[in-house]
Amino acid sequence: MRKNLLISAIVVPTLLATAALAQSAGGVNSLRGAAVDETVPVEDVFHQDENRFTRNYRQQPPLVPHSIAQYQIDLKANRCLSCHDWTNAGDRNAPTLSMTHYQDREGNQLDVVAGTRWFCTQCHVPQADAPALVDNTFEASN
């Protein structure tokens, strides 16, 4: 017990002195070149494209032609289904999900989306006209 008190008596003042020295030295710069509370404007790297992109290979999941930034998809809710479920798609003028989304693992037809297809963003992503991040030699299949 006495040994722990002795170590604390040495370590705590040393840490405080080190922190004070670091603050007084200044010279700490952020990686983005601005103060933490300063708003830094960011250029749009890409924009959402309203026109549908063509698929590049057989059975490629369709890209989403609209923003899904505020969509809730969790165990209890799936905002995508408010438009794309077969019960709503006609009224919302939205594409209906493939019938494969209504099959369980054994191939049985279900009335609701299968749990294996519930999390849409596992396969479907918003399409964007974004610059390539790395060189790419991919060519679409015929």
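The numbers here are math on the coordinates, done by the rules we state, and not lab data. Computed from a predicted structure; not experimentally measured. Every residue, glycine as well, gets a Cβ built from its backbone with ideal geometry; the counts of neighbours run over all protein chains shown.
Values for this structure:
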{"item": "Approximate spin-label separation residue 77-residue 40, in nm, with each point projected 7 Å along Cα-to-Cβ", "result": "3.3 nm"}
{"item": "Quotient of Cα Rg and 2.2 N^0.38 Å for region 47-132, N being how many residues it contains", "result": "1.15"}
